[in-house]
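I have placed the structure first, in the form of structure tokens, so that the comments after it can refer back to it.
The values are calculated or read from the model by the stated rules, or taken from the named source; none is laboratory data. As the structure is a computational prediction, the values presented were derived from the model and not from experiment. Glycine gets a Cβ as well: all are built from the backbone with ideal geometry, and neighbour counts include every protein chain shown.
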Amino acid sequence: MGASYLEISVFHRGFPSVVKDLKYLDSHDWVKVEGNSVTVGITDHAQDHLGDVVYIELPEVGAPVPQGNGLSVVESGKATNDINSPISVKVVEVNEELNDSPGLINSSPYDKGWIIKVEVSGSGELKSLMDAGKYTKFCEEDDIH
């Protein structure tokens, strides 16, 4: 009898998606600016590195969050990721669906997996964020190191 071989095919996911109309932080968070309202989530790149998200800690609606302080904590089997505010904000809405389905961050990071909506006093501080092109280049360089 000859030897038998098991062929294993590995699915290569390719480079994570980047949405053109969003702004990005070097912490791999995305923001969608609509007037004074900003929706925040983690990028496809971040969720890919985190693995399956199992828990998310959401802030209280109405809570003020000073620049650099934590907005949320995302936990996976691999790691914990703090989402810190790039500017001073006030939390106006949280994605309550994430309490029961934290995996939405993995399956739909830019749509159903958004984390919080905040109110900003001015969009001037948001001008330093990366656009999709710069963020894509940042991710490529980050993966090399």
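Write out, first by first residue and then by second, each pair whose Cβ atoms fall under 8 Å of each other, whose residues are 6+ apart or on separate chains, and whose first residue, in segment 88-116, is over 17 Å from Val73 (Cβ atoms) while the second is part of a strand (DSSP E or B) and of a type in the set (Gly, Ala, Ser).
Going by the 8 Å Cβ cut-off, the qualifying pairs are Val92/Ser37; Tyr110/Gly41.
Among the numbered criteria (1) under 18 Å from Leu22 (Cβ atoms); (2) at pLDDT below 90; (3) surrounded by 15 or more Cβ atoms within 10 Å (Cβ to Cβ), which single criterion is violated by Ser88?
(1)
Quick one: Val94 ticks every box in (1) in contact with an Asp or Glu (Cβ under 6 Å, 6 or more places away or on another chain); (2) more than 14 Å from Val31 (Cβ to Cβ); (3) β-branched (Val, Ile, Thr) except a single one, so which number is it?
Exception for Val94: condition (1).
Just a yes or no: is a residue in segment 92-112 farther than 19 Å from Val19 by Cβ, modelled with pLDDT under 90 and more than 14 Å from the chain's Cα centre (by Cα)?
No, that holds for no residue.
If Val91 meets every condition in (1) assigned to a strand (DSSP E or B); (2) in contact with a Ser or Thr (Cβ under 8 Å, 6 or more places away or on another chain) apart from one, which number is that one?
(2)
Under 6 Å by Cβ, and 6 or more places apart or on different chains, what pairs join a residue from segment 28-41 that is assigned to a strand (DSSP E or B) with one that is of a type in the set (Phe, Trp, Tyr)?
What qualifies is Trp30/Tyr24; Thr39/Trp114; Gly41/Trp30; Gly41/Trp114.
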